[in-house]
Amino acid sequence: ANLKNDLLSTLAAKDAMQREVDKAIEHSLQMEEKVYKSNKISLELLRQLKDAESEIAALQQYIIDLK
């Protein structure tokens, strides 16, 4: 009887641990997705910044030419 109770207790603990591991994996996947989206946004912002810098340089040259 004690061995059976110990086994049931151990199995319950194993199931609880597995649920915790599953939650941790899900959380990790969600964080990875957020990091991916953030990196994608960062790359787009950098591209826009480079475009703006190019436009500023062209406008500066245009102003110099007008003088």
Next on the checklist: I need every pair where a residue in region 1-21 that is in contact (Cβ under 8 Å) with a residue 40 or more places away in the chain and of a type in the set (A, V, I, L, M, F, W, C) has its Cβ under 8 Å from the Cβ of a residue that is surrounded by 10 or more Cβ atoms within 10 Å (Cβ to Cβ) and assigned to a helix (DSSP H, G or I), sequence separation at least 6 or different chains.
Outcome noted: none
Checklist outcome for this item: Being without any contact (Cβ under 8 Å) to a residue 40 or more places away in the chain and either open to solvent by 100 Å² or more (accessible area, probe 1.4 Å) or in contact with an Asp or Glu (Cβ under 9 Å, 6 or more places away or on another chain) (or both) narrows GLU26, GLU32 down to just GLU32
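The values are calculated or read from the model by the stated rules, or taken from the named source; none is laboratory data. As the structure is a prediction and not an experimental result, all values here were calculated from the model. As a convention, Cβ positions derive from the backbone with ideal geometry for all residues, glycine included, and neighbour counts pool all protein chains shown. Just so you know, the surface numbers come from the protein's heavy atoms only, side chains and all, with ligands and any DNA or RNA stripped out. Shrake-Rupley method; radii C 1.70, N 1.55, O 1.52, S 1.80 Å.
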